[in-house]
Each structure stands twice: as structure tokens, then as C-alpha cells.
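Step one of this worksheet: look at the structure below.
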Amino acid sequence: MTHLTATSDCSLQKPAVDYCDPKITSVVEEVYEAVWALIQNADPTDGAKTICERKAELSRTIGALVVDGVTDPAELRDRALAKISVVLENQSNDGIGRIA
């Protein structure tokens, strides 16, 4: 749950998030590994470049979700998987593959 703080002009704002907080980094690592395992199981590939591109896209996706405030492990995993599935599905039209 996010707590709001009052500023000197009486407006409310979210406190700054510490992205290096061990709780957040632990969740990010856990979710990355879980989603990557699902990607590999759903569509293993031979190409190192494709693997690198997929890992980079997964990292960007998880990072963007965390910046948007998603830090619950289950929600982060589900939303990352949904977003990355769409990206890979779009790439499958170019012969890269997709997650079913």
C-alpha cells in the first residue's frame, strides 16, 4: 500500500521510491527468473541474439512496471508476462516466436 505525504503547499504526493530497496530488488529478481523460465519453456530458441533481445525486453518490461508502482510479486509476474507475451507475439510475425 502506498502512503501519501503532505507537502508544504498542502498537496499530496507519493514518497520517493527506493528502487535499490532489497525487498524490491528481490521481487524483481524473482519475477525475472520466473517469467524467463516460462518464456524458455514455451518457446525455446537457438539464437543467442534472440535470447539476448528477449531478456532485454523482459528487463525493460519489469523495470517499467516497477517504476509504475507494481511491486507485488504475483501482480508483477502476471503483468510482465502479459506484456512480454504481446511483444513476442508481435515479433512472431517476423519469425522470432511467441509465448502461447
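Nothing in this text is a laboratory measurement; each read-out follows from the coordinates by a stated rule. As the structure is a computational prediction, the values presented were derived from the model and not from experiment.
A few notes on this one:
- 3J(HN,Hα) couplings calculated from phi for the stretch 64-74 with the Karplus curve 6.51 cos²θ - 1.76 cosθ + 1.60 (θ = phi - 60°) are, in sequence order, 5, 5, 5, 4, 6, x, 7, 10, 5, x, 5 Hz; Gly and Pro show x.
- The phi-based Karplus calculation (6.51 cos²θ - 1.76 cosθ + 1.60; θ = phi - 60°) puts the 3J(HN,Hα) values of the stretch 17-24 at 8, 8, 5, 8, 4, x, 5, 6 Hz, whole numbers, x for Gly and Pro.
- Counted residue by residue at 0.36 nm each, then reduced by the alpha carbon distance between them, the extension gain from Glu30 to Ala42 reaches 2.5 nm.
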